[in-house]
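Working notes for the structure below.
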Amino acid sequence: MMQIFKTRAEVTGFSEQQRAAGKEIGFVPTMGALHAGHISLVNHSKAENDVTVVSIFVNPTQFNDKNDFLKYPTSTDQDLEMLLTGGCDAVFLPSVEEIYPEDQSAIAPVVLGYLAQCMEASRRPGHFDGVVQVVDILLRAVQPDRLYLGAKDFQQVKVITALVEQRQWPIKIITAPTIREEDGLAMSSRNRRLSPEQRRVANILFNTLKEISAQAETGSPAVLTKSYIEKLNQTAGLKVDYLEIVDYQTLRPLENWNQKGNNLVCVAAYLGDIRLIDNLLF
Ligand code: AMP
């Protein structure tokens, strides 16, 4: 049986009941339009916890681009089918009013430092403030033992880790690898909006990340970055938002290569009005 909760009080009650029975809770927050990447997070949680809770909430406060919010795909019935098949125990499916009641008290700030300035943060003003705001509320409601996040949103993992650490919550964060389509395109809810032509070229993002990782010895990070931005921008209909080779811990651009495994290349690009991101650790 999979339970569906619409209020914070219900999901908190469920968690308290589970904990009282000695059960450990894994939590997978999502914005719905689920795909195999999300289900992989559910599977990781199921392997390590007694109970798995998934939330589906398209958080308005993290969309800096109104059009992106309005066009964000939803498929709740299909999502619930997938979660039932995937063996999820409980789904938290709140309304916007449930998450953001009018009398809400302001949340304590989280210090993000450079995380709030680089890459996604600089291109999407206010985005991580919205992420912190909603994840703070979701974690208070669900109170999980373990939180499952995707490496595809690498900077987001860092931001949420800062939130959990600064709140001193006893929640373990697990980062799961990016699940890809056969041609390498990172699975994303936004992929549903790609036209057949855009879909055909979209795997150039991951191919570029792989090429950069393979060529690390042939040039400096700065030289490779510049040449691959130019190369990507030659693809019809594609516009690079950023391409950066950074330290995987600080996310600061690399002047010289780190030792193997500590280099991270991150890309964001528009295909038409659809913004896709990806990254590769190497
Ligand atoms: P979203 O619904 O896009 O907000 O994503 C919910 C969670 O799923 C986040 O932790 C994402 O990083 C993760 N996720 C999204 N796409 C993938 C993917 N292709 N592989 C693994 N995790 C993913």
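Computed from the coordinates by the stated procedures, all read-outs in this text should not be read as laboratory data. All of these numbers come straight from a predicted model, not from anything done at the bench. Quick reminder, even Gly has a Cβ in these numbers, built from the backbone with ideal geometry, and neighbours come from all protein chains shown.
Odds and ends about this structure:
- Under the combined filter of DSSP loop state and at most 14 neighbouring Cβ atoms within 10 Å, region 210-282 retains these GluC sites (Glu not before Pro): Glu217, Glu255.
- Cα→Cβ-extended label distance, 7 Å offset, between Glu81 and Val223, nm: 5.3
- Highest-first arrangement of 56-64, 32-40, where packing means the average Cβ count within 10 Å: 32-40, 56-64
- Using alpha-carbon coordinates, inclination of helix 127-142 to the longest axis of the chain, degrees: 30
- Where a label projected 7 Å from the Cα of Lys6 along Cα→Cβ would reach, residues of region 63-94 with amide N under 13 Å: 93-94
- The chain shape via C-alpha gyration tensor axes, a/c threshold 1.5: prolate
- Pairwise label distance in nanometres, Ala236 with Asn256, each label 7 Å out on the Cα-Cβ vector: 4.5
- Summing Lys and Arg as +1 and Asp and Glu as -1 over all other residues whose Cβ lies under 14 Å from the Cβ of Asp65 gives a net charge of +3.
- Shape summary of region 158-282, radius of gyration then Dmax from alpha carbon positions: 15.8, 48 Å.
- Over region 134-176, all Cα pairs binned in 10 Å intervals from 0 give whole-percent P(r) values of 29, 63, 8, listed from short to long.
- Amide H within-cut-off set for Phe92, under 5 Å, with H built and near neighbours excluded: Phe5, Val54, Ser55, Ile56
- Long pairs among Lys66/Lys210; Lys158/Lys260; Lys210/Lys231; Lys71/Lys231, criterion Cα-Cα beyond 22 Å: Lys66/Lys210; Lys71/Lys231
- 0 to 90° range, to nearest 10: angle between helix 76-85 axis and the chain longest Cα axis: 80
- With respect to the chain, whose longest principal axis is taken over its alpha-carbon atoms, helix 204-214 is tilted by about 70°.
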